[in-house]
1. Just to verify a result, which residue in segment 15-74, among those that are without any contact (Cβ under 8 Å) to a residue 40 or more places away in the chain and surrounded by 14 or more Cβ atoms within 10 Å (Cβ to Cβ), is nearest to the chain's Cα centre (by Cα)?
2. Out of (1) touching a strand residue (DSSP E or B) at 6+ places or on another chain (Cβ under 7 Å); (2) on the phi > 0 side of the Ramachandran plot, what's the single condition that is false for His48?
3. Given the conditions (1) under 29 Å from Ala13 (Cα atoms); (2) free of Cβ contacts under 8 Å to residues at least 12 places away in the same chain, report the number of the one that Ser126 does not fulfil.
4. Which residues, counting only those in segment 95-125, are touching a Lys or Arg at 6+ places or on another chain (Cβ under 6 Å) and among the acidic types (Asp, Glu)?
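Please treat every number below as a calculation from the coordinates, not as lab data. On a predicted model such as this, the values are computed, not experimentally measured, just so you know. Because the Cβ atoms are built from the backbone with ideal geometry, glycine has one as well, and the counts that use them run over all protein chains shown.
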Amino acid sequence: MNDLPEYVHKNRAKWDDLAKEYAAAGERGWVRDTPVWGIWHVPEAELHMLPDDLNGKDAIELGCGTAYVSSWLARRGARVVAIDNSSVQLATARRLQRQHGLDFELIHGNAESVAYPDASFDFAISEYGASLWADPYRWVPEASRLLRAGGQLVFLANSFLMTLCIHRKTTLPPRIGCCAPPSACIESNGRPIRA
């Protein structure tokens, strides 16, 4: 793993430190029957982010965290693989798999370079995972490589404008929320991202 870029190592260390703050949200996500998306919890019925029929399809979540999105995919019949940069987040995901009786592959790794052959998946998704923290010039082509012809990539992240406009010490109203503590500093491509 020493061949990983320095920013990936730094993001890994930061997310391992932040993981406990996301365990409760992950637990809430795992118990949901119907997905909700983003910081405003928009119902799946309004956004249609997931394909209508996932039964028997191969799906990958890029930057899965606690893997609640992967649990939604698995409950819809998909054969799921989930990858995350944080071993601590994956430990929570494994605990929740046991607790909810779901079993799918969890990989500790970098979504910019996934150890799967070309055209392995029908569907790829990143909700605040690779789409937010990985280098877009690396993870998007990697997602494309992993998808079969006609496959679909869906991703969700906060806008850069929102991120730039939030002061580090700002506390957002509960209805808005924030995907990371305002004091968090994550790196992308070796450069710090700070609000």
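1. Once the filter is applied, the top-ranked residue is Ser70.
2. Going through the list (1) touching a strand residue (DSSP E or B) at 6+ places or on another chain (Cβ under 7 Å); (2) on the phi > 0 side of the Ramachandran plot, His48 breaks only (1).
3. (2)
4. Glu112, Asp118, Asp122
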